[in-house]
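Any read-out appearing in this document is the output of simple, stated calculations on the displayed coordinates, not a laboratory observation. What you see is a predicted model; the values in this text were computed from it and never measured. Note that we place each Cβ from the backbone using ideal geometry, even for glycine, and neighbour counts take in every protein chain shown.
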């Protein structure tokens, strides 16, 4: 789960990470008022969407008066902002963050991520932060430091000092930087984050070290421990199909292809997408109905697939272990009839009660194709939508 910048800053401040004063706003009038409340001669109006690259896309503007702030707000609210992370469809701006301006001397980069290879959180730091950090990682990876965090003890003081040194901080700034790093790591571990990023982390001309931007993502499997974090969820920033899938305990991720996939088991789902790609097709989604799905879940999974306007054909690939093939067949038949399916459908069943499932499909009266193997199923659906 992701949250907005202003929400991330509110959380990080509780862990001692210094941030500028800011006010979230939903209307142009609120932005006008917020500029006055900040009491600064310079402020920044920032579009709040779950994507990076907002500045390059025109979603971050400096303002020097309340009237200028209102005008910027009117130009941004309701606008579709397209960045390198949103895709071509972009995201609609519904929230703005008005923040006190900062007199920036240097921009740095700092993040904590979960590293599977290290089996622990890892701090990533660079003395060169800002919008081109991805390019830096590709062209000069040696400029980025990595420090493994002990999963129980947390960040050691010497690591904080080493990171501050790598960032080029000395004297009091080094102390500030080490405290900021420690606070970021504490927030990451306490809140079960998968990412906590500050880009840029800045040094101001008067020597202060603070977070100018912030991004946080959370492990969805751990959200039951953090009801306060769950309250920060913005459904407007999520795919409606993914939201609907969660209601029925389905694992769904939208992709940009045109073949809808319904599979049981994450490994089989990944293999199915790979084989579709291998046969010249493009999967429209990852959808794992799980090992013990019932008829209702299968029916709703089918409806979610069909709600994607890009889908031109459906492939159902089920191995019946805990879940029986006849249950899948009943769900497919019910859903296809309920939505009056017109798209090509290929079904491959194998496992428990497979003969019963195939018989149900054969006698359903639906216009579908069956397949005995994944290769055959992928070939048939790719050919059917060609």
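General remarks:
- Rg ratio (alpha-carbon, reference 2.2 N^0.38 Å) - the stretch 101-212: 1.00
- The angle between the Cα long axis of helix 171-190 and the longest principal axis of the Cα atoms of the chain comes to about 30 degrees, rounded to the nearest 10.
- Scaled radius of gyration (Cα, divided by 2.2 N^0.38 Å) that the stretch 315-386 gives: 1.03
- Value of relative contact order over the stretch 1-62, rounded to a whole percent, pairs C-alpha under 8 Å and six or more apart: 31
- For the stretch 98-119 and the stretch 209-271, distance of Cα centres in Å: 23
- Calculated [222 nm] ellipticity per residue, helices only, for the chain: -11000 deg cm²/dmol; basis is -39500 (n - 2.57) per DSSP H run with n ≥ 4, divided by all residues, nearest 500.
- Annotation: for a label point projected 7 angstrom from Cα along Cα→Cβ of residue 363, residues of the stretch 326-340 with backbone N closer than 20 Å are 326-338.
- Cα-derived Rg over Rh, computed across the stretch 59-109 with Rh taken as Kirkwood radius: 1.04
- Cβ-Cβ distance of residue 84 and residue 334, R₀ of 51 Å, FRET efficiency by 1/(1 + (r/R0)^6): the value works out to about 0.75.
- Cα-Cα P(r), the stretch 239-385, percent of pairs per 10 Å interval: 13, 49, 36, 2
- Mean separation of Cα contacts under 8 Å (6+ apart) over length of the chain, as relative contact order %: 12
- Share of alpha-carbon pairs per 10 Å distance bin for the stretch 172-286, given as whole %: 11, 29, 25, 21, 11, 4, 0
- Three-way shape label, the stretch 1-59, alpha-carbon gyration tensor, a/c 1.5: oblate
- Averaging Cα coordinates gives a centre for the stretch 367-386 and one for the stretch 325-356; these two points are 14 Å apart.
- Radius of gyration over Kirkwood radius for the stretch 262-332, both on Cα atoms: the Rg/Rh ratio is 0.95.
- The stretch 125-196 and the stretch 48-94 have their alpha-carbon centroids 28 Å apart.
- Volume per residue for the stretch 152-230 equals 97 cubic angstrom (convex hull of Cα atoms).
- Between 0 and 90 degrees, the angle of helix 374-385 with respect to the longest Cα principal axis of the chain falls at about 80 degrees.
- The orientation-averaged projected area of the convex hull spanned by the Cα atoms of the stretch 247-290 comes to 2.8 nm².
- Sites residue 373 and residue 242 - FRET efficiency at Förster radius 35 Å, r taken between beta-carbons, to 0.05: 0.70
- Relative compactness, the stretch 21-101, computed as alpha-carbon Rg over 2.2 N^0.38 Å: 1.02
- Peptides 259-267, 102-110, 115-123 ordered by average Cβ neighbours within 10 Å, highest first: 259-267, 102-110, 115-123
- Among beta bridges identified by DSSP and lying wholly in the chain, the antiparallel ones come to about 75 percent.
- Among beta bridges from DSSP that stay inside the stretch 239-385, the antiparallel ones total about 20%.
- Between the Cα long axis of helix 325-338 and the first principal axis of the chain there is an angle of about 80°, rounded to the nearest 10.
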